[in-house]
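Asks: Pasting a structure here, questions to come.
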Amino acid sequence: MILAVIDTSTQFAGVGVVDDAGKRVTRAWRSDRNHGRELMPALVESLAELSLAPTDITHVAVALGPGGFSAVRVGISTTLGLIVAKKLPVLGVPTHDIEVGPFRDLVVSGIPVYSLIPAGRQELSWMRHSETPDDVGPDAKTGVSSPQDFLDRLEPGAVLCGEACDLMVGLVEDSRFPNFGTPKFAEHGPGAQRDPNSLLDIAT
């Protein structure tokens, strides 16, 4: 199996390739609205490091968003170009699942983890990930909110991850929570971009 993964959900883009032997090559970068021009060169370079070409790809996984409309469209359109002619299998993965991937152990341990993705106009798209029953209701697992509205619905002890953590800097530290219950930023912290290895882990 030669798996290629593509994530152009937001300004942080990434690609990855894994070959039959399990060797991985990834690229991640910040795009200034140039996803369409940057994506294929990054993928071709990643394939070349494994002595592969786009025609060698047998499986593809792609991030589905949320994110920027045009940005997400570039990734999906490129994926279609790779899979249609040869009818390759494809896996679509929500971008929130990619964001929380590195912190799955926290979720399994019962700690609520919120992945945050920029939604434009200083708002954020959020998703609550938890393995345990909660009392926030079935309609409160995901949403789009202003940073302050999102903070108002957070529970003590939550962990925040994802690109839009930048929007929460200052608010969390100055929040109403007692010190022991103040929501924390995940290990990679505000401003961290998604690692293509997270999408590779999900797809393999």
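Asks: Would you confirm, using the coordinates I've provided, whether residue 2 is at pLDDT 95 or above and over 24 Å from residue 120 (Cβ atoms)?
Replies: The answer is yes for residue 2.
Asks: If you don't mind, there's one more thing I want to ask. From 144, 108, 90, grab the single residue that is farther than 18 Å from residue 193 by Cα and without any contact (Cβ under 8 Å) to a residue 24 or more places away in the chain.
Replies: 108
Asks: Of the residues 66, 102, 156, which is part of a loop (DSSP other than H, G, I, E, B) and crowded, with 17+ Cβ neighbours inside 10 Å? Outline the logic, then answer.
Replies: Values: 102 fails: part of a loop (DSSP other than H, G, I, E, B); 156 fails: crowded, with 17+ Cβ neighbours inside 10 Å.
None of the others qualify; the one that does is 66.
Asks: Kindly indicate the residue of region 8-40 that is in contact with a Ser or Thr (Cβ under 7 Å, 6 or more places away or on another chain) and part of a helix (DSSP H, G or I) and also nearest to residue 116 (Cα to Cα) among those meeting that condition.
Replies: Of everything passing the filter in region 8-40, 35 is nearest to residue 116 (Cα to Cα).
Asks: Something else about it: Quick one: in region 21-36, of everything that is surrounded by fewer than 12 Cβ atoms within 10 Å (Cβ to Cβ) and modelled with pLDDT of 95 or more, which residue is farthest from the chain's Cα centre (by Cα)?
Replies: 21
Asks: I need the full set of residues from region 159-180 which are at pLDDT below 80 and surrounded by fewer than 14 Cβ atoms within 10 Å (Cβ to Cβ), in order please. Even if it seems obvious, please write down each step before you answer.
Replies: So the first thing to find is which residues in region 159-180 are at pLDDT below 80, and the list is 172-180.
Passing the criteria: 173, 174, 176, 178, 179, 180.
Asks: Quick check on this structure: which one of 111, 76 is outside any helix (DSSP H, G or I) and either surrounded by fewer than 21 Cβ atoms within 10 Å (Cβ to Cβ) or not assigned by TED's automatic domain parsing to the domain that holds residue 7 (or both)?
Replies: 111
Asks: Checking the structure you have, find out if any residue of region 84-103 is of a type in the set (Phe, Trp, Tyr), in the same structural domain as residue 14 (by TED's automatic domain parsing) and out of contact with any Gly (no Cβ under 8 Å at 6 or more places or on another chain). Show your work before the answer.
Replies: So the first thing to find is which residues in region 84-103 are of a type in the set (Phe, Trp, Tyr), and the list is 103.
Those still in the list that are in the same structural domain as residue 14 (by TED's automatic domain parsing) too: none.
No: zero hits.
Asks: With the requirement that a residue be of a type in the set (D, E, K, R) and at pLDDT 90 or above, what does region 137-155 give you?
Replies: Filtering region 137-155 for residues of a type in the set (D, E, K, R) gives 139, 141, 149, 152-153, 155.
The answer is 149, and nothing else.
Asks: Take residue 43 and decide whether it is outside any loop (DSSP other than H, G, I, E, B), over 16 Å from the mean Cα position of the chain (by Cα) and surrounded by 21 or more Cβ atoms within 10 Å (Cβ to Cβ).
Replies: yes
The values are calculated or read from the model by the stated rules, or taken from the named source; none is laboratory data. Everything numeric here is computed off the predicted structure, so don't read it as measured data. All Cβ positions, glycine included, derive from the backbone under ideal geometry; neighbour counts span all protein chains shown.
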